[in-house]
1. Stretch residue A:144-residue A:58 to full length: gain in nm at 0.36 nm per residue minus the Cα-Cα span?
2. So what is the 222 nm mean residue ellipticity for chain A from helices alone, if each DSSP H run of at least 4 adds -39500 (n - 2.57) and you divide by all residues, rounding to the nearest 500 deg cm²/dmol?
3. Using only Cα atoms, tell me the angle between helix A:175-203 and the longest principal axis of chain A; keep it within 0 to 90° and round to the nearest 10.
4. If each residue's Cβ is checked for other Cβ atoms within 10 Å, how do A:391, A:368 rank with the fewest at the top?
5. Quick one: net charge around residue A:275, please, counting Lys, Arg +1 and Asp, Glu -1 for every other residue with C-beta under 13 Å from its C-beta.
6. Taking H placed 1.01 Å from N in the peptide plane, check which residues at least 5 places from residue A:345 or on another chain put their amide H under 5 Å from its amide H.
7. Between residue A:245 and residue A:291, what length in nm is gained on full extension when 0.36 nm per residue of separation is reduced by their alpha carbon distance?
8. Once fully extended, how much extra length lies between residue A:386 and residue A:234, figured as 0.36 nm per residue of separation less the alpha-carbon to alpha-carbon distance?
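FYI, it's all coordinate maths here, none of it is from the lab. Because the structure is predicted, anything quoted here is derived from the model rather than measured. Note: ideal-geometry Cβ built from the backbone for every residue, glycine included; neighbour counts use all protein chains shown.
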Amino acid sequence: VIAHDPFHGEVAGAAASLGGATTVGNPLYDVLPGHLLAAVLVLLLPAVAWTIAAARPRRLAAYVDGYQGLPPLHRLAVWLLLIDATVHLGLAFGHGGPGLRIAFLAAAAWGLLIVRRLTVGRRWRLQTALLMTGSLVAYWASVAGGEPPDQVGLATKLVEVAALAIVLRPVGRSSWRATAASTTTIVLVVVTSAVAWGGAFAVAGGASGHDHGDGYPAPASRMSAAAHAEATDAQADAARDLQAATAISIERYRDPRVAAADGYEIGEIVGLDHHAGNPAYQRDGRILDPERPESIIYAAGPDGPVLLGAMFTMEGPGEPGPRIGGSITTWHAHEHVCLSLVPPALAGILSPLGGCPIGSIDLPITGEMIHVWTAPGAPQPFGDLDDAWRERYVATAP
Amino acid sequence: MHPIDDTHDTDRTGLLGIVQLLVLLQGAILVTGTIEALVFMGFAGPGGALTLGVTAAAAVATLAAAAGLARRSRAARRLTLVCETGILAVAVLEAILSTVLAGVPLVPVAALTRVAVPLAVILLLRRPDSRAAFDRPAMPSATTRGGLVSTEAAS
């Protein structure tokens with residue numbers, strides 16, 4: 001039991017670190033502000049290239065002619081290298097300190113020099129391999145070191161893997177080298193995704209919760225950024241009333257069979273966070289009705305299911321929940337979860353590489369939802385409930 | 001030709017070389033998706049078993065298609081078109097649903113891997129010169145030279 005009043009300030013601290021936006025998601029699916037310039041420059045790249053090709057300035061005419069004489073795969077290599085150089089140029093001016101800026105500028109310059117070599121018919125493969133490998137490894141290291149992975153970073157790494165795949169493809173009849181090149185490409189993609197997952201959870205402070213260590217929620221979660229101010233007395237009273245009414249209402253569901261009789265889909269209760277939803281309550285037009293919570297939450301205890309609380313859900317995608325308790329009633333939503341159609345089930349979280357498992361679709365955003373913890377002694381009435389506390393509670397629950 | 005210069009190796013560096021590269025990347029992404037689905041199933045239970053199986057099958061099919069494209073296999077071309085069309089169709093459906101229902105567009109990487117890449121593969125494979133390359137007898141090795149893939153590159 002935590003010796004503080006959970007209706008004053010405990011949850012507000014978490015919300016305050018979210019910053020000023022209405023909701024905050026994990027950067028895995030967003031573009032970090034420091035990467036925005038790089039993204040804009042890449043979008044402008046085709047227009048710049050077209051202008052140069054049309055104007056044919058004397059100093060660049062040889063490279064334009066060289067490009068136009070290249071076979072298609074090498075033209076693609078030129079574009080991949082140009083995109084990579086442009087991203088690094090953008091990062092140099094939108095991201096990091098002086099040391100990082102020099103490194104980004106050097107990478108951009110090296111990429112452009114390789115493009116120059118490629119278009120005038122000089123050797124380019126080894127340098128491309130070195131630059132792309134170096135850039136990939138540097139990214140993996142920076143993400144492992146705490147840099148949040150985002151869409152610009154991931155797209156750039158795919159571009160680099162593609163460029164590397166071009167130069168790794170063997171010339172001649174070596175089938176084992178072709179197999180090795182393909183395997184290397186696959187490994188690079190897998191490692192990039194694994195590093196992105198690790199980085200995304202690391203900046204969220206761990207894989208288990210919705211909450212955040214560095215100001216971000218875990219992947220697939222989107223937190224409401226409640227007002228920084230502590231809740232008023234009226235808001236605290238409203239939150240307290242909601243929790244009390246919910247606790248009284250769902251007490252009858254301590255036995256899951258009673259909940260099942262009322263329409264909750266109990267299923268097999270496993271783990272510490274089993275949500276049993278009631279389809280009849282999902283779209284009944286009632287919001288925050290303690291008599292009809294959309295889900296009941298159980299944990300699997302040593303002597304059977306243990307009631308932990310309830311979850312209220314808004315009906316429409318992205319629909320915000322009422323902040324009746326101000327910063328105390330912390331709502332969250334889920335973004336980019338993969339739902340399989342047959343059978344209807346949660347199939348995963350959108351990959352950093354942009355896909356859900358085949359047979360499932362990406363649900364970009366759910367309606368907001370809020371947990372109400374009714375287990376006696378829960379350290380906080382709303383929001384995320386610590387796994388360690390759950391384990392202790394479940395072990396001793398009646 | 002320089003020992004590492006494949007500029008005039010039109011089978012490798014032509015448009016079908018680009019297709020092989022993109023399909024290989026798609027296969028790698030599906031392999032990644034299979035691993036991710038497996039890990040997720042470890043946390044969330046067997047609910048995603050079917051999607052895991054289908055994703056694994058799609059990964060194998062796509063990688064087999066990438067290898068088959070190098071041999072100019074017509075079956076590989078058909079398989080690639082089916083797989084890429086499926087990926088593109090689902091992505092477009094998702095994009096429409098998420099934009100209309102939630103006002104959220106596809107994330108940029110998804111737009112790249114599930115729209116731009118499949119679209120490029122489909123358009124390149126449906127070009128008459130690409131189609132003609134598959135009308136010839138299948139080639140014995142991934143790196144056999146001499147076939148006409150891109151009139152542009154061969155000129």
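1. 26.5 nm
2. Numbers: 12 runs with 185 residues, N = 398.
Counting only the DSSP helices, I get -15500 deg cm²/dmol.
3. Between helix and principal axis, roughly 40 degrees.
4. Values: A:391 12, A:368 24.
The most exposed by this proxy come first: A:391, A:368.
5. Numbers: positive: none; negative: A:265, A:268, A:273, A:294.
For residues surrounding residue A:275, the net value is -4.
6. A:340
7. Values: separation 46, 0.36 × 46 = 16.56 nm, distance 0.81 nm.
So the extension gain works out to 15.7 nm.
8. The residue A:386-residue A:234 span can extend by a further 52.0 nm.
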